[in-house]
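The values are calculated or read from the model by the stated rules, or taken from the named source; none is laboratory data. Since the model is a prediction, treat every value here as computed from it, not as a measurement. Every residue, glycine as well, gets a Cβ built from its backbone with ideal geometry; the counts of neighbours run over all protein chains shown. The area values use the complete protein model at the heavy-atom level, side chains included, leaving out ligands, DNA and RNA. Shrake-Rupley method; radii C 1.70, N 1.55, O 1.52, S 1.80 Å.
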Amino acid sequence: MQKIFDTHLHLWNLQECPISWVNSYKELNQNFDFNQAIKEYKDFEFLGAMYVETNSDNKDKEALFALKLKKLYGLKLCLADLKHKEEICAFREVMHTSFKGAKRLFEADFKEFMKILEKAKIVFEACLKNSELTFLEKFLSENLNLKVVLDHMGSPDINCFDGYKKDLQRLKKFSNFYIKLSSPDHFSMQTSQEFIFELFSFLKENFSEDRFLFGSNYPVSKLSPNKWANLILKSEVFENLDAIFYQNALKIYKGG
């Protein structure tokens, strides 16, 4: 049975930490706990996971909630603030839904955050719109010693795949740039399997396998963790499955 470490797990208790955006999605407007989540990996040997911040309404409440999960289940943490930087191994500020978008990468206070991350050896999780991937080349060139993980493979779209490929090819020269093989929010059972496999093949052709990390994006993804992981296996694109499914993650996310 393939061992697996999920680098992109969302969990929430809406009574402890409100998240306004889930109100627009009936299937997400409920609590999701760890014991419920681990049932989603039935075909795999679940080793653990990293809790990823949820773009909640209150960062302080979410941090306390996440710290409790870390204590209970040994989860690694990716939070949206640095008040508990000694407890986290990754930092994320959602940009794909914000007004500023990827321009936020170049604001003065954000640059200071990146200096803190680099010094503390905390990973930056880049969560950007597909249309704003062009900003990453400049950002990476200004932060050469910072480990940067691109969430959801950069949310590729079948309708603008050529532009996506050009953007990603410009990033392969950066040795501290990694790609999270996590299911984008818009992928579903209706997403072309042929397109998904073509996407995997493109990534494999342009990046070494030590740059890839498995993530589920549970429960936001419309594909279950089990389904998504099995698609990666079914594609037969990748060779070092242990590296992709857990070894790379355990090497990269060392903090906390």
Provide the gained length on full extension for the span Asp81 to Lys173, in nm with one decimal, where the gain is 0.36 nm per separating residue minus the Cα-Cα distance.
30.2 nm
Tell me the per residue accessible area of segment 170-256 using a 1.4 Å probe; a whole number in Å² is fine.
41
Cut-off under 5 Å, modelled amide H: who pairs with Leu28 long-range
none
How are the C-alpha pair distances of segment 110-192 spread across 10 Å bins, as whole percents from the shortest bin up?
17, 49, 26, 8, 0
Percent of Cα-Cα pairs per 10 Å bin, from 0 to the last occupied bin, for segment 177-256, please list those.
18, 53, 26, 2
Stretchable slack from Lys234 to Ser201, in nm (0.36 nm times residue separation minus alpha-carbon distance):
10.6 nm
Less than 20 Å from a label point 7 Å out along the Cα-to-Cβ axis of Val94: which backbone N atoms in segment 205-234 qualify, by residue?
215-225
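Work out, in µm²/s and without decimals, the Stokes-Einstein translational diffusion coefficient of segment 47-184 at 20 °C, 1.002 mPa s, Rh from Kirkwood over C-alpha pairs.
137
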At 1.306 mPa s and 10 °C, Stokes diffusion of the chain via Kirkwood alpha-carbon radius, µm² per second:
87
Based on a Kirkwood Rh over C-alpha pairs, give the Stokes-Einstein translational diffusion coefficient of segment 104-256 at 4 °C and viscosity 1.567 mPa s in µm²/s.
81
Per-peptide average of other Cβ atoms within 10 Å, ordering 203-214, 103-114 highest first:
203-214, 103-114
Accessible-area composition of segment 131-256, carbon plus sulfur, in percent [1.4 Å probe]
45
Given points 7 Å out from each Cα along the Cα-Cβ axis, report the Lys111 to Asp162 separation in nanometres with one decimal.
3.6
Amide H neighbours of Thr191 under 5 Å, at least 5 residues apart or on other chains, H built in the peptide plane: list them.
none
Just add up the charged neighbours of Ile19: K/R +1, D/E -1, any other residue whose Cβ is under 11 Å from the Cβ of Ile19.
-3
Explain nothing, just compute: Karplus ³J(HN,Hα) = 6.51 cos²θ - 1.76 cosθ + 1.60, θ = phi - 60°, for every residue of segment 77-90 in order, whole Hz, x for Gly and Pro.
10, 10, 10, 9, 9, 10, 5, 10, 4, 6, 9, 10, 10, 8
Fully extended contour minus Cα-Cα distance, from Glu137 to Arg104, at 0.36 nm per residue
10.4 nm
